[in-house]
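The values are calculated or read from the model by the stated rules, or taken from the named source; none is laboratory data. Keep in mind it's a predicted model, so treat the numbers as computed, not measured. Positions of Cβ are generated from backbone atoms using ideal geometry, with glycine treated the same way; all protein chains shown enter the neighbour counts. Quick note on the areas: whole protein, heavy atoms, side chains included, nothing else; ligands and nucleic acids left out. Shrake-Rupley method; radii C 1.70, N 1.55, O 1.52, S 1.80 Å.
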Amino acid sequence: MARNQSRRQARELAFQVLYSLFFAPAEDEAALRRSFVLSPHNLRMDESSLDDEPEGFAWDLTHGVWRRQGEIDGQINRFSHHWRTEKMGKIELTLLRIAVHELVWLRDSPPRTIINEALELADQFGASGAKQLINGILDAVAKNQRLSSLP
């Protein structure tokens, strides 16, 4: 991944790869790496890159969500009062997983930026009404993170 790739593009690539895993799951990290490198949405890498370790923000998001999916889903379920992850649409769940991972484990972008970008991706890929669900859960996660970091 080029270092100058925008975070927005990286989030979109991570979304595309993680969404595809609903249909062709990665059983191990090598399979995840292959899915990432060979994704038709990954315009920066191709089959010649398979032996290289992926790097960059898109890979950090993809790998982090894949590795911590159970913990992330726990956070989503904790703050979703009417929807369980098992009942959510795949698009909305994928967007939530990426943003929750960023809010809880990466913490290198302002929470408002993370939430706004998730909402923009929901506009682009999600069903109507998805923004409300995503915004509510992510706001609750962000508030919880802020409160837990207070002295």
> Name the trypsin sites (Lys or Arg not before Pro) in region 52-151 that are in a loop by DSSP and that have at most 10 other C-beta atoms within 10 Å, would you?
Replying inline: R84
> To one decimal place, what Kirkwood hydrodynamic radius in Å is obtained for region 83-138 from all pairs of distinct Cα atoms?
Replying inline: 11.1
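What FRET efficiency would be calculated for the residue pair L147, D123, taking the C-beta separation as r and a Förster radius of 30 Å, to the nearest 0.05?
Numbers: r = 29 Å, r/R0 = 0.96.
Computed FRET efficiency for L147 and D123: 0.55.
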> In degrees between 0 and 90, to the nearest 10, how far off the longest principal axis of the chain does helix 130-148 point, with axes built from Cα atoms?
Replying inline: 80
> Considering only DSSP states other than H, G, I, E and B, which GluC sites (Glu not before Pro) in region 50-121 qualify as loop sites with at most 16 other Cβ atoms within 10 Å?
Replying inline: E55
> Rounded, prolate or oblate: which fits region 53-151, taking a ≥ b ≥ c as square roots of the Cα gyration tensor eigenvalues, rounded meaning a/c under 1.5, else prolate when a/b beats b/c?
Replying inline: rounded
>> I want to check the label-to-label distance for K90 and R67. Put each point 7 Å from Cα in the C-beta direction and report it in nm to one decimal.
In response: 2.5
> Taking only protein heavy atoms and a 1.4 Å probe, what accessible area per residue, in Å², does region 83-144 have with all protein chains in place?
Replying inline: 46
> In nanometres, what is the gap between the two model label sites at S109 and H82, each 7 Å from Cα along Cα-to-Cβ?
Replying inline: 2.8
> Over the chain, what is the relative contact order in whole percent, taking alpha-carbon pairs under 8 Å and six or more residues apart?
Replying inline: 23
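Restricting to DSSP H runs of at least four residues, report the calculated mean residue ellipticity at 222 nm for the chain, -39500 (n - 2.57) per run over all residues, nearest 500 deg cm²/dmol.
Numbers: 7 runs with 91 residues, N = 151.
-19000 deg cm²/dmol, from helical runs alone.
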>> To test your reading of the geometry: what angle, between 0 and 90 degrees and rounded to tens, separates the Cα axis of helix 111-125 from the longest principal axis of the chain?
In response: 70
